[in-house]
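Undergrad: Have a look at the structure that comes next, please.
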Amino acid sequence: MPVGLFRVCLLVITAIVNHPLFFPKENGTVPENTEEIIQKMKEREESLRLEQLRLEQEIADQEATQKALEKAAVVVEESKEENVRWDMWTALSMVVFLLIELWRQDFQEGNWQDTGGEEDDMAVLGKAFKGVAFPNKAVLASFYEKRILGTTADMARMREMVEGFADDLLEALRSVCNRDADMEVEDCMGVGSMYENWRVRKPFVCDLIVPFAPPEPYCFCCQTWCSGDSFPPDEQGYGTIKVCRADENATGCICDKTKLGEDMLCLLHSQVSSTRPSSEMEDLLCFKNTQYLDADQVMKWFQIAVTKAWNRISHKYEFDLSFSLLDSPGALKIKFKSGKSIAFNLTPVVQYENSDVYFISHFPRSSLAADIPSSTHWFLTFAVYERRFIQLVSKTLPANACHVSCLQILSFLHGKQCSLTGPSGLTNYHLKTVLLHLLQARPRQDWAPEKLEARLQDMLKFLEKCLHEKKLYHFFIGNGKVPAELSFPIIFQRAEPLNLFRPFVLRRDIYRKMVDTFHEMLRNMSALINEYTVHIPLAHTNGIRKEPL
């Protein structure tokens, strides 16, 4: 019982204590806190929404940036592909252009060697021949027998006399030179028209070349315009000659190119020998402060040596020897007591490697080449190969072939015309070059003696074409059809063809004078030939009688 009452009292007391009316203030704030919480929750929700929008904007911006980068990469890749395609087409176009240009040059180069092969090609030319009366076979035969053969009969005796005296003079030259310090002179060789049997105009002049070499232990290292070194266009056909020691090449020892340590020495060259004194190179006829052979110094040395040699042997001869021309250092003249004289050219040359091509110090006829760039530039002469080619071809031609007769007649007419109107840029060497081209292009039977008139017209028409185009290519340089029997150096066969008329392209006055002289020669040809033509027997009208040269 007491326990039950205690529980009832405890329950009542608890109910009274927990009644809401006992806590009016605390219970009254519950609705206000709820609104604040709700408001804060809304604010938080709003801030989260704004943060979400910001993040979404950033993500959108990043995606847009990524897409822009990807698009830019695609554009760059496409641009690269376009550039590659464009470069490919550009390269292909350049290759096609170069092939067309090479084909055009090859076609032109082939034409200058094959122009004589077709008669219709010659028919297109010959505009300058309109109205020109060309001599017939009988007139040409009479002219050749009277004027050409009559003046060339004593050439053989003159060659023999000049060669014998030149050999004696060079032997005396060797005796007066210092074998340890001076250049070593070899035997002379005859070249040019006198030794190719087509010289017609007097005075007859023998051209002799004299190879020389440096004293031991030196040697010549030759460089040509087609040997890979860079030569400007106006120096084509030239080369340089470097004086080197025998134990080094043209570019020098490696010790000249590499910086050796202070404690290292070259086993081939000491410090003393690596630097050559200037006076030593000048004694070797080099240009000042260089190792390149000077053509002017060579000619001065040669003139002094020839003078000393003549003083040693002059007592054996009953004539005088002198230098005949100031502008031709190697021009010599023999004067007899009777008043007669014999002229010849003795020109020092340097052999190119082991061939018959030579660097010539001075041309006896300066019009053969353009102005020499400097005294260290030497022109190359192929005169020995030209002589050998004519001899080789002559063996395959018909008996008494007319090739030499054509060149003799044309050389005579040109010389006569120059005596009337003055010299021009056209030389006998140009005429010989025309003959060499036609000898290679024409069939062998076309050079029979009865075809002299036709071949002479071919030479004139070929020369007219060359004058019109301002192109006459050197016969050997760039000619891949040189007979193998000549053993011609392959480096010159593979070289770019050398235009002998190139110096006249920029010198229009000389070119105009050359063309006018050629046209005047054509117009005066009949008169010049008839002047030396005797009465023509009927027996000569059916053919040409020739005596061997």
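Undergrad: Taking region 293-302, which residues are in a helix (DSSP H, G or I) and either surrounded by 15 or more Cβ atoms within 10 Å (Cβ to Cβ) or more than 38 Å from the chain's Cα centre (by Cα) (or both)?
TA: So in region 293-302, the residues in a helix (DSSP H, G or I) come out as 295-302.
If the condition is that a residue be in a helix (DSSP H, G or I) and either surrounded by 15 or more Cβ atoms within 10 Å (Cβ to Cβ) or more than 38 Å from the chain's Cα centre (by Cα) (or both), then Ala295, Asp296, Gln297, Val298, Met299, Trp301, Phe302 are the ones that fit.
Undergrad: Sort through His414, His403, His437 and tell me the only one that's surrounded by 20 or more Cβ atoms within 10 Å (Cβ to Cβ) and without any contact (Cβ under 8 Å) to a residue 60 or more places away in the chain. Give the steps one after another, and end with the answer.
TA: Details: His414 fails: without any contact (Cβ under 8 Å) to a residue 60 or more places away in the chain; His437 fails: without any contact (Cβ under 8 Å) to a residue 60 or more places away in the chain.
Every option except His403 fails the conditions.
Undergrad: For region 143-151, state whether one or more residues are within 30 Å of Ala527 (Cα to Cα) and free of Cβ contacts under 8 Å to residues at least 12 places away in the same chain.
TA: yes
Undergrad: Provide a single number: the residues in region 459-476 that are surrounded by 22 or more Cβ atoms within 10 Å (Cβ to Cβ) and part of a loop (DSSP other than H, G, I, E, B).
TA: Number satisfying all stated conditions: 3.
Undergrad: So which of Leu420, Leu397 is out of contact with any Leu (no Cβ under 8 Å at 6 or more places or on another chain) and open to solvent by 40 Å² or more (accessible area, probe 1.4 Å)?
TA: Details: Leu397 fails: open to solvent by 40 Å² or more (accessible area, probe 1.4 Å).
The unique qualifying residue is Leu420.
Undergrad: Can you find a residue that is over 26 Å from Leu413 (Cβ atoms) and aromatic (Phe, Trp, Tyr) anywhere in region 443-466?
TA: Checked against the condition, which is being over 26 Å from Leu413 (Cβ atoms) and aromatic (Phe, Trp, Tyr), region 443-466 yields no hits at all.
Undergrad: Still on this structure: May I ask you to list the residues in region 303-334 that are out of contact with any helix residue (DSSP H, G or I) (no Cβ under 6 Å at 6 or more places or on another chain) and open to solvent by 100 Å² or more (accessible area, probe 1.4 Å)?
TA: If the condition is that a residue be out of contact with any helix residue (DSSP H, G or I) (no Cβ under 6 Å at 6 or more places or on another chain) and open to solvent by 100 Å² or more (accessible area, probe 1.4 Å), then Asn311, His315, Lys316, Glu318, Asp320, Leu326, Asp327 are the ones that fit.
Undergrad: Same structure again: Would you please list the contacts, defined by Cβ atoms under 6 Å and residues six or more apart or on different chains, that run from a residue in region 497-512 that is farther than 23 Å from Thr421 by Cβ to a residue that is among the basic types (Lys, Arg)?
TA: Pairs found: Asn499/Lys471.
Undergrad: Quickly run through region 499-529 and pick out the residues that are outside any helix (DSSP H, G or I) and either open to solvent by less than 30 Å² (accessible area, probe 1.4 Å) or at pLDDT 90 or above (or both). Please lay out each step first, then the result.
TA: Of all residues in region 499-529, those outside any helix (DSSP H, G or I) come to 499-501, 506-507.
Within region 499-529, Asn499, Leu500, Phe501 qualify.
Undergrad: Scan region 158-179 and tell me whether some residue there is at pLDDT 90 or above, acidic (Asp, Glu), surrounded by fewer than 19 Cβ atoms within 10 Å (Cβ to Cβ) and not in a helix (DSSP H, G or I).
TA: Within region 158-179, not a single residue is at pLDDT 90 or above, acidic (Asp, Glu), surrounded by fewer than 19 Cβ atoms within 10 Å (Cβ to Cβ) and not in a helix (DSSP H, G or I).
Undergrad: So, of the residues in region 224-237 that are modelled with pLDDT under 90 and either touching a strand residue (DSSP E or B) at 6+ places or on another chain (Cβ under 7 Å) or of a type in the set (A, V, I, L, M, F, W, C) (or both), which turns out to be most open to solvent (accessible area, probe 1.4 Å)?
TA: My answer is Asp229.
Undergrad: Then there is this: Specify which of the listed residues (Glu453, Glu496) is in contact with a Leu (Cβ under 7 Å, 6 or more places away or on another chain) and either at pLDDT 90 or above or open to solvent by less than 20 Å² (accessible area, probe 1.4 Å) (or both).
TA: Unique residue meeting the criteria: Glu453.
The values are calculated or read from the model by the stated rules, or taken from the named source; none is laboratory data. Source: prediction; values computed, not measured. In this analysis, Cβ positions are derived from the backbone assuming ideal geometry, glycine residues included, and neighbour counts consider all displayed protein chains. Just the protein is used for accessible areas: all its heavy atoms, side chains included, with ligands, DNA and RNA removed. Shrake-Rupley method; radii C 1.70, N 1.55, O 1.52, S 1.80 Å.
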